[in-house]
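The values are calculated or read from the model by the stated rules, or taken from the named source; none is laboratory data. From a predicted model like this one, the values you see are computed outputs, not experimental measurements. Cβ placement follows ideal geometry from the backbone for every residue including glycine, while neighbour counts extend to all protein chains displayed. Please note that ligands, DNA and RNA were not included when accessible areas were found on the heavy atoms of the full protein model with its side chains. Shrake-Rupley method; radii C 1.70, N 1.55, O 1.52, S 1.80 Å.
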Amino acid sequence: MSTLAVALLSLLAATPSAAFVQPALFSSTSATVRFASKKEVTNGEVTRTKKKDTNGEVAVNGNAATNGEASKDPYSFIVPILGDLHIDPRKMEDYSIGREHVKSIIKDAKSKVGNDNVALVSLGDLGESKNCDHNPDNPFELFAGTSKCHTIAADFLGSFDVPYEVIGGNHDLEGIDEFDSDARNLRNFLKCHDKETPQFCREIAEKTLLVGLCSTIFREATYTSHEVIIDDEQIRWFEDLLKSRPAEDGWKIFVFSHAPPNGSGLRVLQENHVVNGCCWLNHSNEEQCQKFINLVREHRSIKAWFSGHFHLGQDYQDSITFPTIDPKDGPYPNRG
């Protein structure tokens, strides 16, 4: 049976440390990992007004009452996180079974924190990187990155009864037989998932942001096509966002990318991703490869960073790391 990779981001309120997390393997017989704060969700009502998209940002404003019971704490939220799905359209029954498990968690989450404080995040690599009998006209075409791949993935991610956010991984622009450039492949990815920009920013609760960074280069990579590359425009956008939402003003930011930043201390696959130069974000660019962990060190508003890519679950050592300390105990230690 195929497995989904899933983690559950719940509350994570005022912890001073940054955590780096890989989703756990999830199947019909496994339990969901809950990564939670110290305080529990309480009942009550909370609501948000209609969401508005601007430059990859989804604003959630207002505090008038709406549907469902929710916590009186406006900072409460729950977010199921899906890792590398690698959907095979011939095996959708397996994905449906996994979805029902997650939907039961989502239903319970809505009753605790309210409809508007629950969302789904996918970490990319949506399709299987092989022929899946999906195109009779081309029996050699890879499924990953094709229009059919992203249409099926969008339908699947949209079937959890909550809004979803998605970022691209190293396989999501792999539609090399259908598209002759990364730009055309990326436009199709954005269109299928109804995204205005590769990156995303969603305010899931009061002063709490979900921020995603998307790989946008495959064919045009200098070295391996499977390096997860965040382009310059997204890096500038991300840095500006962090500067405008400082921890001192109460902001909490949770970041999502397909590969982790170098320096996170997460377990990696030496004989696969490391030697091939596709292990960490912007692996082959030394300056940019160090950029992301330096931003974490500089901006204490970043509370956790979720990534996939390695196909490892949380039963591995170093699948969750805390390479930081409380500011009162000294400067951020050098882990990479």
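Considering the conditions (1) crowded, with 18+ Cβ neighbours inside 10 Å; (2) free of Cβ contacts under 8 Å to residues at least 24 places away in the same chain; (3) small (Gly, Ala, Ser), Ala119 is excluded by exactly one of them, (2).
For region 182-227, the candidate set comprises residues that are assigned to a loop (DSSP other than H, G, I, E, B) and aliphatic (A, V, I, L, M); within that set, the residue that is nearest to Gly114 (Cα to Cα) is Leu213. For the subset of region 242-255 comprising residues that are within 16 Å of Asn294 (Cα to Cα) and either assigned to a loop (DSSP other than H, G, I, E, B) or not aliphatic (A, V, I, L, M) (or both), which member is most open to solvent (accessible area, probe 1.4 Å)? Within region 242-255, the match that is most open to solvent (accessible area, probe 1.4 Å) is Lys243.
Go over the candidates Asn262, Asn294 one by one and state the one that is outside any strand (DSSP E or B), touching a Cys at 6+ places or on another chain (Cβ under 6 Å) and open to solvent by 20 Å² or more (accessible area, probe 1.4 Å).
Selected residue: Asn262, the only one of Asn262, Asn294 that is outside any strand (DSSP E or B), touching a Cys at 6+ places or on another chain (Cβ under 6 Å) and open to solvent by 20 Å² or more (accessible area, probe 1.4 Å).
Answer with yes or no whether Asp161 is open to solvent by less than 50 Å² (accessible area, probe 1.4 Å), in a loop (DSSP other than H, G, I, E, B), within 29 Å of Ile253 (Cβ to Cβ) and charged (D, E, K, R). Show your work before the answer.
On the way: open to solvent by less than 50 Å² (accessible area, probe 1.4 Å): no; in a loop (DSSP other than H, G, I, E, B): yes; within 29 Å of Ile253 (Cβ to Cβ): yes; charged (D, E, K, R): yes.
No: the conditions fail for Asp161.
For the condition surrounded by fewer than 20 Cβ atoms within 10 Å (Cβ to Cβ), at pLDDT below 95 and in contact with a Gly (Cβ under 7 Å, 6 or more places away or on another chain), Ser129 does not qualify. Annotation: of all residues in region 198-234 being open to solvent by 20 Å² or more (accessible area, probe 1.4 Å) and in contact with a Gly (Cβ under 8 Å, 6 or more places away or on another chain), the one that is farthest from Ala259 (Cα to Cα) is Lys207.
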